[in-house]
Amino acid sequence: MKIGIDCRIYSSKFTGIGRYVFELTKRLSKLNDNNEYYLFFNEPEFKKYKEPGPRFHKILADAPIYSLREQFHFNKVLKTHKLDLMHFTHFNAPVFYKGPSIVTIHDLTLSFYPGKKKKSIISRIGYVLTLRTAVKKAKKVITISKNSKNDLTELTGVDKDKIKLIYQGVSEEFKQIHDNLRIKKTLEKYHVTKPFFLYTGVWRYHKNIPNMIQAFKKVRELAGDDIKLIITGKEDPYYPEVKKLPKELGVEKDVIFTGLVDENELIDLYNAAAIYIFPSFYEGFGLPPLEAMACGTPVASSDTSCMPEICGKGNAVFFDPNDFNDMAQNIHALYKDKSLQEDLVRRGLARADEFSWQTMAELTHNLYLKCLDQ
């Protein structure tokens, strides 16, 4: 059978959908089956990608995500290959595609927290139409948390029996590093001294970075220690408050913006951090806390959306993301309690082990076979 996979957001470098597509295609290539896989890329990933075997074929989609070309040209490309099943790895499937399909809905962030980029009426209508059409047409819908499954059901009315819950995983690269010289080199590169708290990710409204910075200032006052806060990720001009707020609060020298870091450096930062902070209002899965746990770092996380589900009871300290004082109190309590830190490190390592990309790929593959037999 000919199975297509939308790889236009493929990336090995970052968390989220790009990592999901990278791990899915990587693990599928190791499974023993006779299916042919057609992987649809944009540049520059199309040129970079090397097919892992004769059953895998890369196709240039040449259709940017969230574009008109995605709706018309990509649809034309897909029809050319006469696929038995197409896996859209994000909701943005061409609305006129008529072939058998599966769609992965990672989260409903744009429904609850559209942010500053997708506020126009046309964008909102396009989003709702594309999401509802993809879910309605698909043979099966994959969600990556129970929370996303419930949100999708409430927003679209899709039958829960049509939805398959398949959790994401933690890559083997995310682990405890005992090479102190390696970690020291990374810290020196970014002029980081210990102790420090760490945040990784994009700068969008639902990530709640300003409240985290406010809480950080409060923790410094409560602890009386020279703590730093490291914020990774590409600066976003839509959210200038992230860079402005430390200056306004008088903690400019204590908040370090590293920009994008490569994966090895990210793992080093996870390992060296005193606490990993995940302040989001909303997430579909929330992979970074699990990555931090796998690196032996205690986690302080928001208590909303999927986070209690993914982190698990007793494996992290939780706070109200809407209240920076509550955030600060809980982070400070964890920072001062070495026994609690040790307990969360032990429990976190075990929790991270429960999430496997290989299991994700096998369950997804089984779903392919089920849909092909229908």
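The values are calculated or read from the model by the stated rules, or taken from the named source; none is laboratory data. Only a predicted model underlies this, so the values are computations on that prediction, with no experimental measurement involved. Cβ coordinates were reconstructed from backbone atoms using ideal geometry, including for glycine residues, and neighbour counts include every protein chain displayed.
Within the group Leu108, Leu152, which residue is more than 16 Å from the chain's Cα centre (by Cα), surrounded by 20 or more Cβ atoms within 10 Å (Cβ to Cβ), under 29 Å from Ala292 (Cα atoms) and in contact (Cβ under 8 Å) with a residue 12 or more places away in the chain? Write out each step before concluding.
On the way: Leu108 fails: more than 16 Å from the chain's Cα centre (by Cα).
Being more than 16 Å from the chain's Cα centre (by Cα), surrounded by 20 or more Cβ atoms within 10 Å (Cβ to Cβ), under 29 Å from Ala292 (Cα atoms) and in contact (Cβ under 8 Å) with a residue 12 or more places away in the chain holds for just one of Leu108, Leu152, which is Leu152.
Just one of Leu39, Leu83, Leu68, Leu28 is at pLDDT 95 or above, among the aliphatic types (A, V, I, L, M) and out of contact with any Lys or Arg (no Cβ under 8 Å at 6 or more places or on another chain); which is it?
Step by step, each of Leu39, Leu83, Leu68, Leu28 is checked, and only Leu28 is at pLDDT 95 or above, among the aliphatic types (A, V, I, L, M) and out of contact with any Lys or Arg (no Cβ under 8 Å at 6 or more places or on another chain).
Quick one: which of Ile331, Ile277 is in a helix (DSSP H, G or I) and crowded, with 24+ Cβ neighbours inside 10 Å?
Ile331
Out of the residues in region 145-196 that are among the aromatic types (Phe, Trp, Tyr) and farther than 30 Å from Leu110 by Cβ, state the one that is modelled with the lowest pLDDT.
So, considering only residues that are among the aromatic types (Phe, Trp, Tyr) and farther than 30 Å from Leu110 by Cβ, the one modelled with the lowest pLDDT is Tyr190.
Yes/no per residue for (1) acidic (Asp, Glu); (2) within 13 Å of the chain's Cα centre (by Cα); (3) crowded, with 20+ Cβ neighbours inside 10 Å; (4) not in a helix (DSSP H, G or I):
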{"position": "Arg8", "(1), (2), (3), (4)": "no, no, yes, yes"}
{"position": "Gly18", "(1), (2), (3), (4)": "no, yes, no, no"}
{"position": "Phe22", "(1), (2), (3), (4)": "no, yes, yes, no"}
{"position": "Lys26", "(1), (2), (3), (4)": "no, no, no, no"}
{"position": "Leu31", "(1), (2), (3), (4)": "no, no, no, yes"}
{"position": "Leu39", "(1), (2), (3), (4)": "no, no, yes, yes"}
{"position": "Phe46", "(1), (2), (3), (4)": "no, no, no, no"}
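Given Phe91, Phe74, which one is part of a helix (DSSP H, G or I) and either surrounded by 16 or more Cβ atoms within 10 Å (Cβ to Cβ) or on the phi > 0 side of the Ramachandran plot (or both)?
The unique qualifying residue is Phe74.
Only one of these conditions is not met by Lys82: (1) assigned to a helix (DSSP H, G or I); (2) surrounded by fewer than 18 Cβ atoms within 10 Å (Cβ to Cβ). Which number is it?
Exception for Lys82: condition (1).
Have a look at Leu340, Leu344, Leu349 and point out the one that is part of a helix (DSSP H, G or I) and buried (at least 22 other Cβ atoms within 10 Å of the Cβ).
Leu344
List the number of the failed condition for Tyr368; all other conditions in (1) assigned by TED's automatic domain parsing to the domain that holds Ile213; (2) on the phi < 0 side of the Ramachandran plot hold.
Exception for Tyr368: condition (1).
Mind telling me which of the residues Gly99, Gly53 ends up being assigned by TED's automatic domain parsing to the domain that holds Lys137, in contact with a Ser or Thr (Cβ under 8 Å, 6 or more places away or on another chain) and outside any helix (DSSP H, G or I)?
Gly53
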